[in-house]
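Asks: I have a structure here, written as structure tokens, and I will follow up with some questions on it.
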Amino acid sequence: MPTQFVPRAARITRNTNQPTAFGEPVYVTRPPLPDLDQFHSHLEDIWRSARLSNGGAKHKALEDALREYLQARHISLFNNGTMALIIGCRALRLSGEVITTPFTFPATPHVLSWNNITPVFADIHPETLTLDAARIEPLITSRTSAILAVHVYGMPCAVSDIQDLADAYGLKVIYDGAHAFGTKVDGRPITDFGDATMLSFHATKLFHTGEGGALVVRDPSLHKRVELLKNFGIKQEFDVVMPGINGKMNELQAALGLLTLRLVEAERLARTLVATVYRERLAQIEGLTCLDLPPNVQDSRQFFVIRINSAVSQIDRDALYDRLKEYNIFTRKYFHPLCSQYNCYRLLPSSSPKNLPVAHRAAEEVLSLPFYGSLGHDGAHRVCDAITHIMGHR
Ligand code: T4K
């Protein structure tokens with residue numbers, strides 16, 4: 001009789017009484033890195049051509065590869081995601097006020113400030129933690145020009161509801177998709193929604209170019225404006241048509257991207273295995289829930305986020321964050337504090353905590369766990385051992 005297959009997770013019996021600390025610090029992420037010899041070979045090409053920036057061969061090759069991988073109509077590469085978003089707002093000619101989420105990285109409202117636009121914070125949805133479409137409408141004024149929503153942790157925003165509102169009020173929609181590389185909704189690429197979507201290729205991202213980013217748009221004339229704005233507004237030699245800036249990705253970044261793109265699928269698979277261990281083990285803990293994406297969504301696998309309900313659990317999120325350091329595990333409280341709590345935004349009328357109760361609660365409860373392929377099955381179990389030891393079983 002053939003032996004029945006027992007998944008490895010089920011075979012391992014763990015002593016959760018005395019978990020040991022990791023020998024090396026375990027951070028929230030670790031970038032997938034290509035073979036150094038392969039990178040060296042790209043460097044040799046670059047050295048031979050003496051073309052280091054301004055749309056060289058590597059840049060062109062990466063742009064083509066990403067356009068195909070992301071099924072994007074028009075893509076522009078940038079030196080970082082923040083610059084892509086700054087230029088996206090500029091190219092869409094946004095002004096006045098833009099409605100956005102406080103539950104994000106500070107770059108999101110900052111790009112509005114860099115465009116002399118006032119961010120207006122709306123509360124988030126209690127389950128998806130993305131901008132709550134039902135909270136947007138009451139904040140629309142005659143000064144509102146757009147909605148800037150974030151696919152936070154790769155969770156897609158309520159794209160249909162947001163588009164309906166934008167259509168009804170004549171607003172633009174721009175998405176911060178820093179966490180949503182490769183996310184799909186019902187098989188449709190996330191970059192298909194809204195007027196423009198920014199992607200971040202920072203070292204901490206699943207797909208990265210060290211520093212880098214992109215803006216994906218659907219309208220060809222918008223794409224032309226973005227391309228001009230990211231290169232000083234230069235149309236051709238002796239002809240500068242608008243006050244642009246320098247947002248260009250260089251050849252070294254693009255070369256790294258060409259190699260990293262080949263690692264994405266394997267990395268996503270390895271992260272899926274880590275996520276499986278986390279989900280199985282952490283479900284046993286009282287007051288701890290894992291953030292789940294709907295079944296029709298292909299997960300970018302950028303983050304693994306848990307929420308701690310301190311009314312039920314034995315300790316709160318902050319205590320767990322601190323105690324995990326004893327095991328050499330460095331989690332992150334993405335995104336606490338809220339952007340509306342920072343000095344530069346806290347005096348805005350929309351920053352009042354009474355307008356943002358769901359976001360305030362989420363910011364107290366979320367914790368991003370170490371999440372990268374090389375953490376592996378055993379590493380994921382050791383993280384769970386530590387959490388279980390600190391928080392206790394159900
Ligand atoms: N919008 C949203 C919603 C974003 O989350 C971000 C960036 C942006 C816009 C802006 O996109 P970019 O302009 O950055 O393209 C990190 C990243 O710097 C930032 O890109 C990212 N979001 C944010 C969520 O995380 P920090 O300050 O938390 O990074 P840091 O240096 O503490 O790194 C976290 C951990 O990652 C480290 O403990 C170790 C590991 N790490 C980090 C780096 C830089 C590595 O292993 N290797 C590395 O090279 O912001």
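Asks: Going through region 14-47 one residue at a time, which ones are among the β-branched types (Val, Ile, Thr) and surrounded by 12 or more Cβ atoms within 10 Å (Cβ to Cβ)?
Replies: 16, 26, 28, 29, 46
Asks: Would you check if there is a residue in region 205-214 being open to solvent by 20 Å² or more (accessible area, probe 1.4 Å) and more than 16 Å from the ligand (Cβ to nearest atom)?
Replies: no
Asks: Tell me, which residue of region 327-384 that is β-branched (Val, Ile, Thr) and touching a Leu at 6+ places or on another chain (Cβ under 7 Å) is surrounded by the fewest Cβ atoms within 10 Å (Cβ to Cβ)?
Replies: 331
Asks: Inside region 64-81, can you point out the residues that are open to solvent by less than 20 Å² (accessible area, probe 1.4 Å) and either outside the structural domain of residue 150 (by TED's automatic domain parsing) or part of a loop (DSSP other than H, G, I, E, B) (or both)?
Replies: Of everything in region 64-81, just one residue is open to solvent by less than 20 Å² (accessible area, probe 1.4 Å) and either outside the structural domain of residue 150 (by TED's automatic domain parsing) or part of a loop (DSSP other than H, G, I, E, B) (or both), namely 72.
Asks: Go over the candidates 302, 284 one by one and state the one that is part of a loop (DSSP other than H, G, I, E, B) and over 25 Å from the mean Cα position of the chain (by Cα).
Replies: Within the list 302, 284, the selection yields 284.
Asks: Check 84, 57, 61, 50 and return the single one that is open to solvent by less than 70 Å² (accessible area, probe 1.4 Å), more than 16 Å from the ligand (Cβ to nearest atom) and small (Gly, Ala, Ser).
Replies: Within the list 84, 57, 61, 50, the selection yields 61.
Asks: Would region 339-354 turn up any residue that is without any contact (Cβ under 8 Å) to a residue 60 or more places away in the chain, of a type in the set (Lys, Arg) and in a loop (DSSP other than H, G, I, E, B)?
Replies: yes
Asks: Can you tell me which condition residue 196 does not meet? The list is (1) open to solvent by 10 Å² or more (accessible area, probe 1.4 Å); (2) away from the ligand (no atom under 13 Å from the Cβ), and all the others hold.
Replies: Every condition holds for residue 196 apart from (1).
Asks: Pick from 154, 81, 96: which is on the phi > 0 side of the Ramachandran plot and under 15 Å from the mean Cα position of the chain (by Cα)?
Replies: Result of the check over 154, 81, 96: 154.
Asks: Suppose we filter 282, 273 for residues that are touching a residue at least 40 places away in the same chain (Cβ under 8 Å), open to solvent by 30 Å² or more (accessible area, probe 1.4 Å) and not small (Gly, Ala, Ser); which single one remains?
Replies: Answer to the check: 273.
Asks: For region 355-394, give me the residue count where each residue is farther than 30 Å from residue 136 by Cα and in contact (Cβ under 8 Å) with a residue 40 or more places away in the chain.
Replies: 25
Asks: Turning to a different aspect of this structure: Can you tell me which residues in region 132-144 are open to solvent by 20 Å² or more (accessible area, probe 1.4 Å) and polar (S, T, N, Q)?
Replies: Scanning region 132-144 gives 141, 142.
Asks: Of the residues that sit in region 208-257 and are β-branched (Val, Ile, Thr) and free of Cβ contacts under 8 Å to residues at least 24 places away in the same chain, which one is farthest from residue 190 (Cα to Cα)?
Replies: Taking the candidates together, the pick is 240.
The values are calculated or read from the model by the stated rules, or taken from the named source; none is laboratory data. Not measured: the values here are computed from a predicted model. Virtual Cβ from ideal backbone geometry, glycine too; neighbours counted across all protein chains shown. To get the accessible areas, we keep the full protein, side chains included, count just its heavy atoms, and leave off ligands, DNA and RNA. Shrake-Rupley method; radii C 1.70, N 1.55, O 1.52, S 1.80 Å.
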